[in-house]
1. Note down the relative contact order for the chain as a percent, whole number, built from C-alpha pairs under 8 angstrom at least six residues apart.
2. Determine ³J(HN,Hα), in whole Hz, for all residues of segment 339-353 in sequence, where each value follows from phi through the Karplus function 6.51 cos²θ - 1.76 cosθ + 1.60 and θ = phi - 60°; x replaces Gly and Pro.
3. Rounded to the nearest 5, what is the percent of antiparallel bridges among the DSSP beta bridges in the chain?
4. Could you run the Karplus curve 6.51 cos²θ - 1.76 cosθ + 1.60 with θ = phi - 60° over segment 374-383 and give me ³J(HN,Hα) per residue in whole Hz, x for Gly and Pro?
5. Under the rule of at least 5 residues apart or a separate chain, name every residue whose amide H is placed under 5 Å from the amide H of Trp112.
6. Could you sort Glu529, Glu515, Glu523, Glu55 by their accessible area in this structure, using a 1.4 Å probe and putting the largest first?
7. How large is the helix-only mean residue ellipticity at 222 nm for the chain, computed as the sum of -39500 (n - 2.57) over DSSP H runs with n ≥ 4, divided by its residue count, in deg cm²/dmol to the nearest 500?
8. Pull out a ≥ b ≥ c, the square roots of the eigenvalues of the alpha-carbon gyration tensor of segment 194-261, then state rounded if a/c is under 1.5, prolate if not and a/b is larger than b/c, and oblate in the remaining case.
Amino acid sequence: MKFEDLLLEIGGFGRFQILILAMLCLPRINLPMHFLLHNFLAATPSHHCAIPHQEAFVNLTMEEVLLISIPQKPDGTFSSCEMFSQPQFHLLLNSSLQPENKSIIQHCQHGWVYDHSQFTSTISTQWDLVCEQRGLNQATATFFFIGVTMGAMVFGYLSDRFGRKTMLQLSLVCSVVFGMLSAASVSYTMLAITRTLTGVALSGLSLIVLPLGMEWVDIQHRTFTGILSSIFWSVGNMLLALAAYLVREWHWLLVAVTGPCLLSIICLWWVPESARWLIAKGKVKQAHRHLLRCARMNGRKDFAVSPEENMPLTMYAQRMALQREYKNMGGSYSYISLFRTPVLRKISLCSGVVWFGVAFSYYGMSLNLTGFGLSIYLSQFVFGIIEIPAKMIMYVLVNRVGRRPSQAWTLILTGVCIGANIVIPKPFTSLRSVVAIMGKGFSEAAFTTVFLYTSELYPTILRQNGMGYTSFLARLGGALAPLVFLLDEVWRSLPEVTYCGVAVCSGAMAFLLPETLNVRLPEGIEDIE
């Protein structure tokens, strides 16, 4: 007896499930608004060293003041991090002349002047996180994803122990609290700590929303459920571009992207706990109440009013009771259980590598919106909108071709697109934009597939542990992705080469996973082995 047999009686995809998915899609919209917020929160506008005693040059234009005060790069632009120790008036006669003495070039001594035409303020301009402090600017995203990484392990375990809905509510409340504290930060240290804690809290949303929805729908609609949830991530992606365009001040931008969590908290009160989880924990009467509610809303009047009279429910509950008895005899389930048996060990190792590669390449592309000839707001919007057709195509592919080849090839093609932009010259901005948008589409297709695929690979008793483990590795990839940008000081193309290599190798690893197309969700470890 499987839970799917119960779903056949109560309706595996009716008004009840549609309403649940609608409620759960609201937190999904909010996730990318925080996960990709670094693009605008820590944006670095064009800047140059502050020039002291500028009132002494009243007869010179601003361009001439910069010419005698700031060294020029080979491409003719002014340096962002260097200045002359003394004004070089001879450059007014011929700007192509070299400074008389290289030793007169020094690092900025009096702070920086920023171009505020695009951003009123960001954390870069607030605390001068440029030049020698550039690493701290990128580290802001890393701190956030370290929090998400820690949260993945915590919420994966807690949601299997205390329930999906309870942990989802806790996650939303903590997200609001720490998000607002981030907006009120008065120092870089305070921001780093609160953004890390926000990442911990938001990890619960990322981890629980999809499995909770999936555990209420039948086999035929699992793919649709995964794709629908993923489409709302893309909607959040586009709304982030709109919010950042309208709110140019970083404190208020944080408030704007955190506020919608309050609406999610209100809507979540209606969402029921997972009946699968309740039965697995022996709470059969509580599960029956939710199942009865589902049956009535879906128009199934013949579902037994009493749990004792419902034969499929009784048989399924007895099977889960045997598994609990095994657990009480010393066979408790934990993250270690993911590696105890041969097939589950192989699944855990391979899916972990795939998740790392998916997140590493996705955030490597998503956090780099420059160099394509588009404004940062338009790039964010286009990168979001291209994800929707990518998901639509994946809806067809994962049902026709299968989960495994879809996962492998989307990752490999992501790497190919990243690699192609390494060799395409910078002046070809239109071609580079097209290739980047294609790569973003493949990358999002890989992310969409991996959420659906992984939730089908692990048994119910270990599903949240499995999702927690793989999400941990994904967030580790997300945490490392921003820091890889700093490798451009070693070799300009090294970040892109790294993203490309990881995407291709992790895509190849996906071929080692089992296919789950049209296979029932496994309930216990014996179903996997």
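The values are calculated or read from the model by the stated rules, or taken from the named source; none is laboratory data. Because the structure is a prediction, the values reported are computed rather than measured. So basically every Cβ, Gly included, is an ideal-geometry build from the backbone, and we count neighbours across all protein chains shown. Side chains are part of the model used for accessible areas, which takes the heavy atoms of the whole protein and leaves out ligands, DNA and RNA. Shrake-Rupley method; radii C 1.70, N 1.55, O 1.52, S 1.80 Å.
1. Working: 864 pairs, mean separation 114.0, N = 529.
Taking the mean separation of contacting Cα pairs over the length of the chain, I get 22 percent.
2. Values per residue, Gly and Pro as x: 10, 7, 10, x, 5, 5, 5, 5, 4, 5, 5, 5, 5, x, 5 Hz.
3. If we restrict to bridges inside the chain, about 90 percent are antiparallel.
4. 10, 5, 5, 6, 5, 4, 4, 5, 5, 4
5. For Trp112, the qualifying residues are Ala50.
6. Numbers: Glu529 90, Glu515 65, Glu523 0, Glu55 130 Å².
Descending order: Glu55, Glu529, Glu515, Glu523.
7. Details: 22 runs with 344 residues, N = 529.
Taking each H run of at least 4 residues, the total per residue is -21500 deg cm²/dmol.
8. oblate
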